[in-house]
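Comments concern the structure below.
The values are calculated or read from the model by the stated rules, or taken from the named source; none is laboratory data. As the structure is a prediction and not an experimental result, all values here were calculated from the model. Reconstructed Cβ throughout: ideal geometry from the backbone, glycine too, with neighbour counts over all protein chains shown. Heads up: the accessible areas ignore ligands, DNA and RNA and are worked out on the full protein's heavy atoms, side chains in. Shrake-Rupley method; radii C 1.70, N 1.55, O 1.52, S 1.80 Å.
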Amino acid sequence: MKDPNIRISKFLSLVLRHAPETIAVSLDKNGWIDIDTLLAAAEAHGTSISRERLDELVYTNDKQRFAFSDDGRRIRANQGHSVDVDLELVAVAPPAQLFHGTATRFLDSILESGIQSQSRQHVHLSGSAALAQRVGARHGNPVTLIVQSAQMHADGMAFYLSRNGVWLTAEVPVEYFELPKSDAI
Ligand code: HQG
């Protein structure tokens with residue numbers, strides 16, 4: 001991997017979303033870790049990150065994956081966790097429709113059991129079909145499902161908007177999504 005920022009972003013995603021034990025640290029119940037503790041543990045486990053590079057990465061990250069606490073002493077991932085943390089998300093009303101990008105190879109299973117969060121804490125939904133298509137392409141031949149989010153919300157299901165603009169919900173039952181008409185599968 002050529003770009004060191006991408007390598008470090010992936011490293012931070014691993015530690016701050018999925019496996020802090022990789023570098024023998026833990027996150028607090030809200031997903032935060034002290035920045036000095038994080039950088040010292042990263043260094044001790046072979047990944048040296050200067051404070052300047054961390055600042056640059058947090059502020060310029062393409063998806064704003066990470067955030068500093070208000071006092072500037074701690075850092076956490078904005079979403080995408082598989083470890084059990086409470087991001088203190090506030091439920092908000094979603095737009096009429098949202099989009100979920102997936103791969104065609106998952107469709108049979110999704111049509112059977114709905115869109116599930118799998119290893120993560122929430123199902124991730126995008127505000128635009130184009131963005132969802134890019135998320136789906138990470139897994140293979142992409143297909144974008146249209147989610148009737150306002151209807152779900154009216155039926156009592158909670159939605160959250162992460163600090164970096166990803167819509168989150170617990171699951172999308174089969175009756176609330178459809179394939180785009182143009183998608184020949
Ligand atoms: C699929 C990236 C079979 C689901 C993105 C997805 C996103 C099912 C995959 C964030 C299923 C899980 C999350 C079912 C869902 N049967 N497969 N019933 N229900 N699936 O990576 O949404 O770059 O955990 O469609 O931008 O792809 O990491 O979720 O294909 O925001 O910051 O199971 O990750 O952000 O895959 O991506 P993932 P995702 P970052």
- Note on the structure: Counting sequence-distant residues (5 or more places) and residues on other chains, those with an amide H built under 5 Å from that of residue 66 are 78
- Message: Hydropathy at least 0.5 by Kyte-Doolittle, axial extent at least 15 angstrom from the Cα trace: which helices of the chain, defined as entire DSSP H runs, fit?
- Response: none
- With the radius of gyration and the Kirkwood radius both derived from the Cα set of the range 98-183, what is their ratio Rg to Rh? 0.93
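Determine the per residue accessible area of the range 1-90 with all protein chains present and a 1.4 angstrom probe, expressed in square angstrom. Display every interim value, and only then the final one.
On the way: 4900 Å² over 90 residues.
Result: 54 Å² of accessible area for each residue.
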- Message: Which of the three applies to the range 4-77, rounded, prolate or oblate, going by the alpha-carbon gyration tensor with a ≥ b ≥ c and a/c under 1.5 meaning rounded?
- Response: rounded
- Report the trypsin sites (Lys or Arg not before Pro) located in the range 1-42 that are in a DSSP loop and have at most 10 other Cβ atoms inside 10 Å of their Cβ, or state none. 2, 29
- Relative contact order (percent) for the chain, with alpha-carbon contacts under 8 angstrom and 6 or more residues of separation? 20
- Message: In whole Hz and in residue order, list the ³J(HN,Hα) couplings for the range 152-160 that follow from phi through the Karplus curve 6.51 cos²θ - 1.76 cosθ + 1.60, θ = phi - 60°; x for Gly and Pro.
- Response: 4, 5, 4, 8, x, 8, 8, 10, 10
- Under the Karplus relation 6.51 cos²θ - 1.76 cosθ + 1.60, θ = phi - 60°, what is the ordered set of whole-Hz ³J(HN,Hα) values for the range 174-181, x standing for Gly and Pro? 4, 6, 10, 9, 9, 7, x, 4
- Leaving ligands, DNA and RNA out of it, report the carbon-plus-sulfur percent of the accessible area of the range 3-51 at a 1.4 Å probe. 54
- Task: May I ask you to list the trypsin sites (Lys or Arg not before Pro) in the range 80-154 that are in a DSSP loop and have at most 11 other Cβ atoms within 10 Å of their Cβ?
- Result: 138
